[in-house]
Amino acid sequence: MNVVVTGGNRGIGLALVKQYVAQGHTVFATCRNSCDELNASGAKIINNVDLSKPETLAVALADIVATRIDVLINNAGVLGVENLHDWEPATIEYQFRVNALGSLLVTQTLLPSLNEGSKVAMISSRMGSMADNSSGGYYGYRMSKAALNAAGVSLANDLGPKGIAVGVFHPGFVQTEMVNGNGDIDADTAAARLVTRIEELNVENAGRFIHANGDTLPW
């Protein structure tokens, strides 16, 4: 099986790369810059993939387009910390470009490699949920993940008739560099749960917002 993981150089992405490689799959890990751990993982590394620069993606991903993709995991993301009185338009725009638009453009760019039976996983966050937002703040991250959720549902509707399943997944509160090591579970546990959820994904259950533990989340 051929698996593509964006943001494969750290955190959940790196854990996903290592778990799929351990299962014997061919893994393409995209990132802006690799790291020693990714270099040693056995994955095929695609460097210089910057989701904030959409005009570069076609060239950056050219080496993957010729390969059939069984699983595409749009994992790359960024987190900004804003509140109502302290935020910058540029940081919110950057989060949109990476978290929402970037994932959509990667999927569109790699569409020729997706066939009947392929799966696309959008790694989102329950912070993009309207119903679950009880604390406010984090404007750019919440807004960009809500946009990613909308893109995931549209992709599920558009690609479902072609036999391509698209799911939207929340990994949990994971102990990664993005959240300064805070969290409830480690990256390996989150990745293992996500692998299971992706295995369960099909065109009949596509387009849903699912926690890595299997729970259905509200939009």
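We did not get these values from a lab; they are worked out from the coordinates using the rules stated. What you see is a predicted model, and the numbers here were worked out from it, not measured in a lab. Cβ atoms come from the backbone with ideal geometry, glycine included; neighbour counts cover every protein chain shown.
Assorted remarks:
- Counted by neighbouring Cβ atoms within 10 Å, the residues Met143, Met122, Met130 run from fewest to most as Met130, Met143, Met122.
- Ranking of Val166, Val59, Val174 by neighbouring Cβ atoms within 10 Å, starting from the fewest: Val59, Val174, Val166.
- Cut-off 20 Å, label 7 Å out along Cα→Cβ of Arg32, residues of segment 93-120 by amide N: 93-107
- Entries in Lys44/Lys162; Lys18/Lys162; Lys18/Lys44 that, when Cα-Cα distance is taken, lie over 20 Å: Lys44/Lys162; Lys18/Lys162
- For segment 1-94, the relative contact order is 31 percent, taking Cα pairs closer than 8 Å that sit 6 or more residues apart in sequence and dividing their mean separation by the residue count.
- Calculated FRET value between Asp186 and Ala40, using beta carbons and R₀ = 25 Å, to 0.05: 0.85
- By the rule of a C-alpha distance below 13 Å, with chain neighbours fewer than 8 residues away ignored, the aspartates and glutamates paired with Lys53 are Glu93.
- Sites Tyr94 and Glu204 - FRET efficiency at Förster radius 35 Å, r taken between beta-carbons, to 0.05: 0.45
- Least to most buried among Asp86, Asp158 (fewest other Cβ within 10 Å first): Asp86, Asp158
- Look at (1) 37, 24, 14; (2) 29, 22, 16; (3) 24, 19, 18: the one that is semi-axes √(5λ) of the Cα gyration tensor in Å derived from this structure is (3).
- Taking all Cα pairs closer than 8 Å and separated by 6 or more residues, the relative contact order of segment 39-185 comes to 25 percent.
- Summed side-chain charge close to Phe169 - residues other than Phe169 whose Cβ falls under 14 Å, Lys, Arg +1, Asp, Glu -1: +3
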